[in-house]
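What follows is a set of notes on a single structure, which appears directly below.
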Amino acid sequence: MSDDESVLEELRSVVREFLDDKSPEEAVRKLMESESGFDPAVWAQAAEQLRLPALALPERYGGDGFGLVELGVVLEETGRALLCAPFFSTVVLAAQALLASGDEEACGRHLPGMASGATTATLAVAEESGSWDPALISTRALPDGNGDWKLTGRKCFVLDGTTADLLLVVARTTAGPTLFVVDRQADGLTATAMETLDSTRAMARLTLDAVPARRVGSDGAGGRVMAKVLDVASTALAAEQAGGARRCLEMSTEYARTRHQFGRAIGSFQAVKHKCADMLVQVELAEASAREAARTAAEEPTEFPVAAAVAHACCSKAYMTAAMENIQVHGGIGFTWEHPAHLYFRRAKASQLLFGGPAVYHERLLDRLGI
């Protein structure tokens with residue numbers, strides 16, 4: 001094992017130990033029913049003790065300067081544990097949008113708080129259709145005459161939208177889609193929790209009624225920012241999906257070894273063996289594609305958009321397959337509310353649809369390939 005691999009495994013071990021302690025099934029179920037959707041004390045510990053929010057942020061903004069490879073290790077573990085926390089929304093979506101904007105003033109103002117865990121944030125792009133297509137953005141931004149802007153419209157499927165301290169919103173100006181920052185307490189902003197399939201990942205609907213906002217980056221550059229963020233977010237989500245798929249495989253093999261029927265472990269039956277073997281193939285492919293996409297981001301940036309799209313497609317399929325087969329291997333108990341298998345199935349399905357679903361991400365792959 002190389003030095004780099006040993007460092008990654010040490011990081012994985014530390015994060016897994018932390019999440020085993022702070023995000024067991026009982027804690028996940030409790031937070032699913034809570035109004036905030038996450039435990040602020042656990043979030044503070046993750047930031048102060050492990051510095052997880054700072055891991056992949058540049059050092060000049062208070063981060064630790066690592067990249068998608070290291071962040072991918074953390075996300076595999078958060079996906080494995082079904083962590084209920086504003087990690088993906090803050091570290092992946094909001095922080096990456098700020099970095100992609102190229103706005104040094106906005107980055108310097110907001111990223112240090114995100115790195116320290118003091119500020120949670122999110123990115124609001126999709127509207128009623130759930131699409132990330134810049135052409136479908138109808139939320140409007142009008143200048144207020146004092147150098148700032150007023151936003152009017154509605155955003156849907158906003159991760160941690162009811163609790164985030166800071167909201168980055170893509171709205172349309174006369175120049176095109178543009179990124180804006182909105183404070184949580186801004187007048188005219190209403191955030192309503194959405195009831196979705198996956199209660200472990202909180203989502204919200206935002207209603208903006210002439211909400212004051214500050215522009216981030218260039219006017220009309222929102223489409224470019226969205227494309228960059230989507231590549232990073234797809235790779236990050238792929239790592240999270242791979243971690244969840246691996247956990248489904250572990251649950252299935254553990255049950256197949258210990259559950260006995262007709263005087264023998266069910267894992268000795270050929271049908272169950274085949275299910276577990278098929279799951280293993282899908283999980284290994286998912287992990288390989290997610291890690292390769294993360295590596296490509298740093299070493300071959302021109303190839304990154306294609307690698308990100310491939311990882312998104314592979315990991316979405318793998319997680320759905322593993323989650324469904326996990327229920328099948330567990331039989332009747334796997335279909336019950338009391339068993340965690342359905343929690344992984346719900347996360348797998350919601351993750352598959354997060355950035356548009358199979359038809360959209362396959363189309364995105366063809367576009368990245370120039371087809």
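The values are calculated or read from the model by the stated rules, or taken from the named source; none is laboratory data. Note that the structure is predicted; figures quoted are calculated from it, not measured. Backbone-built Cβ (ideal geometry, glycine too); neighbour counts: all protein chains shown.
The combined condition, being in contact with a Leu (Cβ under 8 Å, 6 or more places away or on another chain), in a helix (DSSP H, G or I) and either without any contact (Cβ under 8 Å) to a residue 40 or more places away in the chain or under 30 Å from residue 369 (Cα atoms) (or both), is fulfilled by residue 239. Between 100, 135, the distinction of being modelled with pLDDT of 95 or more and closer than 15 Å to residue 226 by Cβ belongs to 100 only. On the stretch given as segment 141-168, residues that are surrounded by 16 or more Cβ atoms within 10 Å (Cβ to Cβ) and either outside the structural domain of residue 215 (by TED's automatic domain parsing) or not in a loop (DSSP other than H, G, I, E, B) (or both) total 14. Would a scan of segment 329-341 turn up a residue that is surrounded by fewer than 17 Cβ atoms within 10 Å (Cβ to Cβ) and under 30 Å from residue 128 (Cα atoms)? Yes, the conditions are met somewhere in segment 329-341. Scanning segment 109-132 for residues that are among the hydrophobic types (A, V, I, L, M, F, W, C), assigned to a loop (DSSP other than H, G, I, E, B) and farther than 21 Å from residue 224 by Cβ yields one hit, 118.
In segment 47-68, is there at least one residue being more than 20 Å from the chain's Cα centre (by Cα) and either aliphatic (A, V, I, L, M) or within 15 Å of residue 201 (Cβ to Cβ) (or both)? No, that holds for no residue.
Scanning segment 263-296 for residues that are over 16 Å from residue 237 (Cβ atoms) and touching a Ser or Thr at 6+ places or on another chain (Cβ under 6 Å) turns up 276, 282. Every listed requirement among (1) crowded, with 17+ Cβ neighbours inside 10 Å; (2) without any contact (Cβ under 8 Å) to a residue 12 or more places away in the chain is met by residue 323 save one, (2).
Being surrounded by fewer than 19 Cβ atoms within 10 Å (Cβ to Cβ) and over 30 Å from residue 362 (Cα atoms) is the filter here; which residues of segment 220-266 pass it?
253, 254, 257, 258, 259, 260, 261, 262, 263, 264, 265
Here residue 269 meets the list (1) of a type in the set (Phe, Trp, Tyr); (2) more than 28 Å from residue 23 (Cβ to Cβ); (3) surrounded by 18 or more Cβ atoms within 10 Å (Cβ to Cβ); (4) more than 22 Å from the chain's Cα centre (by Cα) almost entirely, failing just condition (3). Answer yes if at least one residue in segment 51-63 is of a type outside the set (A, V, I, L, M) and more than 26 Å from residue 161 (Cα to Cα), and no otherwise. Scanning segment 51-63, I find at least one residue that is of a type outside the set (A, V, I, L, M) and more than 26 Å from residue 161 (Cα to Cα), so the answer is yes. Could you tell me whether segment 330-345 includes any residue that is under 27 Å from residue 28 (Cβ atoms), charged (D, E, K, R), modelled with pLDDT of 95 or more and in the same structural domain as residue 255 (by TED's automatic domain parsing)? No, the conditions are met nowhere in segment 330-345.
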